[in-house]
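The values are calculated or read from the model by the stated rules, or taken from the named source; none is laboratory data. No experiment lies behind these values; they were computed from the predicted model shown. So basically every Cβ, Gly included, is an ideal-geometry build from the backbone, and we count neighbours across all protein chains shown. The area values use the complete protein model at the heavy-atom level, side chains included, leaving out ligands, DNA and RNA. Shrake-Rupley method; radii C 1.70, N 1.55, O 1.52, S 1.80 Å.
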Amino acid sequence: MTVIRQENAIGIAIGAVAAAAVAMALCGAASPRQNGSAQAPAASAAGPRSFEIVPLETVSETSANAAIGDVNGDGCPDIVLAKGRHWPVPSRVYLGDCHGHFRPGPDLPSEATKTYSASLADMTRSGHLDIVLSNDEPEPKLVLVNDGHGNFRVAATYGDPKWSTRNAAFGDLKGDGYPDIVVANRMMPSQVCLNDGHLHFRCTPLAADHSSAASVAIADMDGDGWPDVVVARSDAPCIVMFNRPTRTGAQLKK
C-alpha cells in the first residue's frame, strides 16, 4: 500500500486536546465548585484517589465503547456511547456542561446497529468532530457528519457490510490532513481505508492473514513523524505496523 508523507497529524491532535480537557475536569482544575464555594484544591501528585459515580442513563443496555470530545462546540467535553455489540441498539450522545452534568443529545441517525466503537474525528476538515461507527456484519460501517451543533447525518460508508468489525481507529496515514480509518475485523483480514477528502474510502488488507483483531490504535511509535498502527489480536501475536516512507510515499510494514 502506498501513501504520502504526513505533515498534519490532525487525528492525534484532536484526541490529545479532548484527553487534556477531560483530565482537567477530573482533577478539578477548571472552575469553582458547583455550589459557588471555594475552588477545588489542586490534585495531589501521589496518594489514593476516590471517585464519585454518576449514572449517565436510567436503563441498562449493551454498551461496547465510549468516545469523548466537544461535539456541539460549547467548549465542554461530551460523550458518545457505542452500543450494540451482538444486538442492535441505538448509540447515543450525552452533552456535557463543564460541571459534570450530562444531558441526552439529539438522536443519532444510524438507528439500532451492532456497534463496537464510535470514534470522534474531523473527517472533512470542517472544524467539527464527526463520528466513525464500527458496526458488525451485516450492517454498513458508517461515517456520521456533524453540523457543528451536535446534530449528525449519515454522510458515507466505508468498507464492506460483510466484515465482522470489532473496532475502528483514525489517523492521517498519508499526510493530506484527512483522517484515514483502520478497521479491526474478526476472523478475516483487518483493513486500511484511505480517505480521499470527500469521504470516499479505498480499503486494502492491513496484513495478509485471517487472524481476529480485537482492537487497533494509531500513533507515531518510533518518532519518525509517521503514524503507525498497533493491532491487538485474540488468536495471534499482537503486532505493530510501521508506516515506512518509500520513493512514492510510505508503506505499513510489520
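Odds and ends about this structure:
- Residue ID - most open to solvent (accessible area, probe 1.4 Å), chosen from residues in region 60-94 that are assigned to a loop (DSSP other than H, G, I, E, B) and within 21 Å of Asn135 (Cβ to Cβ): Trp87
- Pick from region 152-170, criterion open to solvent by 10 Å² or more (accessible area, probe 1.4 Å) and of a type in the set (S, T, N, Q), ranking: nearest to Arg244 (Cα to Cα): Asn167
- Within the option set Asp235, Asp228, Asp224, being farther than 21 Å from Thr113 by Cα, acidic (Asp, Glu) and in contact with a Ser or Thr (Cβ under 9 Å, 6 or more places away or on another chain) holds for one residue only, Asp235.
- Those residues of region 97-132 which are among the small types (Gly, Ala, Ser) and in contact (Cβ under 8 Å) with a residue 40 or more places away in the chain, in sequence order: Gly100, Gly105, Ser110, Ser117, Ala118, Ser119, Ala121
- Among the residues of region 171-191, just one is in contact with a helix residue (DSSP H, G or I) (Cβ under 9 Å, 6 or more places away or on another chain) and open to solvent by 40 Å² or more (accessible area, probe 1.4 Å), namely Tyr178.
- Filter pass, Arg49 being more than 17 Å from Ile79 (Cβ to Cβ), at pLDDT 80 or above, open to solvent by 60 Å² or more (accessible area, probe 1.4 Å) and assigned to a loop (DSSP other than H, G, I, E, B): yes
- Per-region count, region 192-203, residues part of a loop (DSSP other than H, G, I, E, B) and either small (Gly, Ala, Ser) or open to solvent by less than 60 Å² (accessible area, probe 1.4 Å) (or both): 2
- When region 204-220 is filtered for residues that are part of a strand (DSSP E or B) and open to solvent by 40 Å² or more (accessible area, probe 1.4 Å), the ones remaining, listed by number, are Pro205, Ala214, Ser215, Ala217.
- A single member of Asp136, Asp209 is acidic (Asp, Glu), without any contact (Cβ under 8 Å) to a residue 60 or more places away in the chain and within 22 Å of Asp107 (Cα to Cα), and it is Asp136.
- Of the residues His128, His149, the single one that is assigned to a loop (DSSP other than H, G, I, E, B) and surrounded by fewer than 17 Cβ atoms within 10 Å (Cβ to Cβ) is His149.
- Checklist (1) outside any strand (DSSP E or B); (2) closer than 26 Å to Arg153 by Cα applied to Val182, failing item: (1)
- Test for Ser110: is it surrounded by fewer than 23 Cβ atoms within 10 Å (Cβ to Cβ) and in contact with a strand residue (DSSP E or B) (Cβ under 6 Å, 6 or more places away or on another chain): yes
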